[in-house]
Amino acid sequence: MHILNIIVLFLVYSLTVSGDSLIDKAKRSGLIPIPNSADELLKMIDPDKMLTPERIELGKMLYFDPRLSKSSKISCNWCHNLALGGVDGVSKSIGDHWNGNPNHLNSPTVYNAVFFKRQFWDGRAKSLEEQIKGPLLAPFEMASTEKLLVDRIESIPEYVKLFREAYGDGMKIDLKSIALTISLFERTLITPSRYDKFLHGDENALSEKEKIGLDTFIDKGCVICHNGVALGGDMQPFELRSKYKHRDVGGFHGNGKRLMKVPTLRNITDTAPYFHNGMIWSLRDAVKEMSNVQVAYKVEFTDEKGGRQIKVNIIPINLTDEDVDNIVAFFHSLEGVKPTIEYPQLPKYRD
């Protein structure tokens, strides 16, 4: 059996246990809160113990600095605007010379990206550090080169000094160290929400309608793909039931194996437009389209001669208007508290 199916079976079986509270049910179905312990959170976002105040501040400066692009006009914040939910608010990302993404791809949010198991819509990057190199060098995004990046940074004495202070004299300024430093800042972009408080045991953190929405979200099988800390961020099959109605816009259909990265649902109310090509602007419409496109799995366990038997039924995700309203209400509980970001004053070129 394919490992993906094993995971699906495990997740759906976990929903069948009776007597659970909604909090228990959510956790058994694979939903994980952001840790409320600073130590536990740090272990999760910084397993290699790389974070320091100096590196985070330097990474923030590089994140906001448009001089890392060929035109000196486009920063990381251009497509992942921290004042706009970590996105740019347009259907397809716009880069160098006003070029649109050739596959009409929408910019995913950078908030909570540290929790994603895969980066990019096709999942080709496994880490933030690897992902950051893509936009820096892509000709239709920041359009830089490694030589240009290094030359620009080394022409700014304050940056050379800050790299030395952050890492010591042995750190070489190159594409790898630049991407690493930006990633360390991005690792701090965590947005805990009322939903996390609820999973940690505060039953009053969600309204009654939000609780109904969470219960519906689980029972209808949405949790099969939108799970873990990020409520997404891993690869899953798309268009299992029918074709996405805007599938031909941009022509992107996944990684070649019918798999596509599942977007996070955290702060989903801030990050319109939706889907990989940004063709749906209404959150209600996005939920309806997912119910048309995807399917869920119903698992039955029976004890027969010879041992336990497993029967898997593929069923459509049919949502009523009330279901959609309740799920959208639940999504509002995922609006997190954004970290306070003070826009940095960037160092000047050498006189």
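The values are calculated or read from the model by the stated rules, or taken from the named source; none is laboratory data. Small disclaimer: the values here were computed from a predicted structure and weren't measured. Ideal geometry is used to build each Cβ from the backbone, glycine not excepted, and the neighbour counts take in all protein chains shown.
General observations
- The set of residues from region 176-196 being without any contact (Cβ under 8 Å) to a residue 60 or more places away in the chain and surrounded by 18 or more Cβ atoms within 10 Å (Cβ to Cβ) comprises just one member, ALA179.
- Members of region 71-92 that are part of a loop (DSSP other than H, G, I, E, B) and touching a strand residue (DSSP E or B) at 6+ places or on another chain (Cβ under 7 Å): HIS80, ASP88, LYS92
- Flag if PHE238 is buried (at least 16 other Cβ atoms within 10 Å of the Cβ), touching a strand residue (DSSP E or B) at 6+ places or on another chain (Cβ under 6 Å), in the same structural domain as ASN326 (by TED's automatic domain parsing) and of a type outside the set (Lys, Arg): yes
- All helices (runs of 4 or more DSSP H) inside region 133-246 with 1 or more residues being of a type outside the set (Ser, Thr, Tyr) and closer than 22 Å to GLU54 by Cα: 146-154, 157-167, 175-186
- In region 117-132, the residues that are touching a residue at least 24 places away in the same chain (Cβ under 8 Å), in contact with a helix residue (DSSP H, G or I) (Cβ under 8 Å, 6 or more places away or on another chain) and either surrounded by fewer than 18 Cβ atoms within 10 Å (Cβ to Cβ) or in a loop (DSSP other than H, G, I, E, B) (or both): PHE120, SER127, GLU130
- Neighbours by Cβ (under 9 Å, 6+ apart or cross-chain): first from region 330-351, within 18 Å of SER155 (Cβ to Cβ); second of a type in the set (Val, Ile, Thr) and assigned to a loop (DSSP other than H, G, I, E, B): LEU346/ILE156; PRO347/ILE156; LYS348/ILE156; TYR349/ILE156; ARG350/ILE156
- Some residue of region 36-44 being within 20 Å of the chain's Cα centre (by Cα), part of a helix (DSSP H, G or I), modelled with pLDDT of 95 or more and closer than 30 Å to GLU158 by Cα: yes
- Scope region 57-95; condition of a type in the set (Asp, Glu) and either buried (at least 19 other Cβ atoms within 10 Å of the Cβ) or more than 19 Å from ALA179 (Cα to Cα) (or both); matching residues: ASP65, ASP88
- Across region 260-292, the qualifying residues are those that are among the basic types (Lys, Arg) and not in a helix (DSSP H, G or I), and the one among them that is farthest from ASP234 (Cα to Cα) is ARG266.
- Looking only at region 214-232, residues that are within 24 Å of ILE315 (Cα to Cα), buried (at least 20 other Cβ atoms within 10 Å of the Cβ) and under 21 Å from the mean Cα position of the chain (by Cα) come to 12 in all.
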